[in-house]
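A quick write-up on the structure given underneath.
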Amino acid sequence: MLESTEAVILAGGQGTRLAPSLPQGWPKTLAPIHGTPFLAHLLDHLYRRGLRRVTLCLGYGAAHVEEFLVQYPCPAGLSIQVVVESTPAGTAGALRAALAAVRTDPFFALNGDTYSDIDLDDLLASHLQRGAAVSVALALVDDVSGYGQIEVSADGRITRFGEKGPAKGRGFANAGTYVINRAVVSRLSPARALSWEREVLPRHAGCALYGLACCRWFVDIGTPESLQLAASAIAQHAESAQ
């Protein structure tokens, strides 16, 4: 199913905390790991998992990503589209802008600064079997205080998104990968900027919003420390894939 399901990558983050690892004006997704932009590792990883068509949502530093794509040794059969926002409209606004370039229903959406071992096949199958509007990949973490705990009912329905900080201890966290029905995004108002995580997802809590624990580990590249963790994770993943 993955070869016939498209993915949208949200790749417009600034990465202000990554200096001096990231040149001024470059988006976070181009942060170097083992001498190669993070986005190259992510695209290669998604291709190995079976995805064949990707749309990149760009904003900050879009020209640098487009320059990268000219040099990127794109695997045979991988199609990459680019959508550039003229005005920042939040993560939900970026999805809305990308919808015209996406042909499948549902589609995947991923954060362009996160690398994980999410089982995309299981996430998509679960989404279709449950008749979900949105499915969220969940990771069971030792301490949810840095993520915000996600509460899930016995049938897998997400009932609440907690804020970062108050809840501590073991629990479910958002791993930054989704399966989304087109109708959810097409109904979003273009009148203002919207956050997918903070505004749109909580609106669907308790309805056709489901979570699936299909992620054993994930790392982002938001800070120099997490960038180093991502480098280690990517290296270990490459060794285990050989």
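The values are calculated or read from the model by the stated rules, or taken from the named source; none is laboratory data. These numbers come from a predicted model, not from an experiment. Because the Cβ atoms are built from the backbone with ideal geometry, glycine has one as well, and the counts that use them run over all protein chains shown.
Summary of values
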| quantity | calculated |
| --- | --- |
| Odd one out for THR87 among (1) in contact (Cβ under 8 Å) with a residue 12 or more places away in the chain; (2) more than 28 Å from THR36 (Cα to Cα) | (1) |
| Condition check for ALA193: of a type in the set (Gly, Ala, Ser), in contact (Cβ under 8 Å) with a residue 60 or more places away in the chain and in contact with a Pro (Cβ under 9 Å, 6 or more places away or on another chain) | yes |
| Residues of the range 195-242 that turn out to be outside any helix (DSSP H, G or I), closer than 28 Å to GLN14 by Cβ and over 16 Å from the mean Cα position of the chain (by Cα), as a count | 2 |
| Considering residues of the range 152-194 that are among the basic types (Lys, Arg), within 28 Å of ASP142 (Cβ to Cβ) and assigned to a loop (DSSP other than H, G, I, E, B) only, the residue modelled with the lowest pLDDT | LYS168 |
| Selection count where residues are modelled with pLDDT of 95 or more and of a type outside the set (Asp, Glu), scope the range 120-149 | 17 |
| Any hit, the range 22-32, residues being more than 11 Å from GLY112 (Cα to Cα), in a strand (DSSP E or B), within 17 Å of the chain's Cα centre (by Cα) and not hydrophobic (A, V, I, L, M, F, W, C) | no |
| Criterion: of a type in the set (A, V, I, L, M, F, W, C), assigned to a strand (DSSP E or B) and over 15 Å from the mean Cα position of the chain (by Cα) - qualifying residue of VAL83, VAL8, VAL54 | VAL83 |
| In the range 58-89, residue nearest to LEU194 (Cα to Cα) [restricted to those that are touching a Gly at 6+ places or on another chain (Cβ under 6 Å) and of a type outside the set (Asp, Glu)] | PRO88 |
| Any hit, the range 37-47, residues being surrounded by fewer than 16 Cβ atoms within 10 Å (Cβ to Cβ) and either assigned to a helix (DSSP H, G or I) or among the small types (Gly, Ala, Ser) (or both) | no |
| The lone exception for GLN14 - which of (1) closer than 21 Å to LEU78 by Cα; (2) surrounded by fewer than 20 Cβ atoms within 10 Å (Cβ to Cβ); (3) without any contact (Cβ under 8 Å) to a residue 60 or more places away in the chain it fails | (1) |
| Residue check, GLY176 within 28 Å of TYR47 (Cα to Cα) and out of contact with any strand residue (DSSP E or B) (no Cβ under 8 Å at 6 or more places or on another chain) | no |
| Which listed residue, of ALA132, ALA109, ALA92, is on the phi < 0 side of the Ramachandran plot, surrounded by 20 or more Cβ atoms within 10 Å (Cβ to Cβ) and in a loop (DSSP other than H, G, I, E, B) | ALA132 |
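Yes/no per residue for (1) charged (D, E, K, R); (2) without any contact (Cβ under 8 Å) to a residue 24 or more places away in the chain; (3) more than 17 Å from TYR47 (Cβ to Cβ); (4) out of contact with any His (no Cβ under 9 Å at 6 or more places or on another chain):
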{"residue": "ALA62", "(1), (2), (3), (4)": "no, no, yes, yes"}
{"residue": "VAL83", "(1), (2), (3), (4)": "no, no, yes, yes"}
{"residue": "LEU110", "(1), (2), (3), (4)": "no, no, no, yes"}
{"residue": "VAL136", "(1), (2), (3), (4)": "no, no, yes, yes"}
{"residue": "SER153", "(1), (2), (3), (4)": "no, yes, yes, yes"}
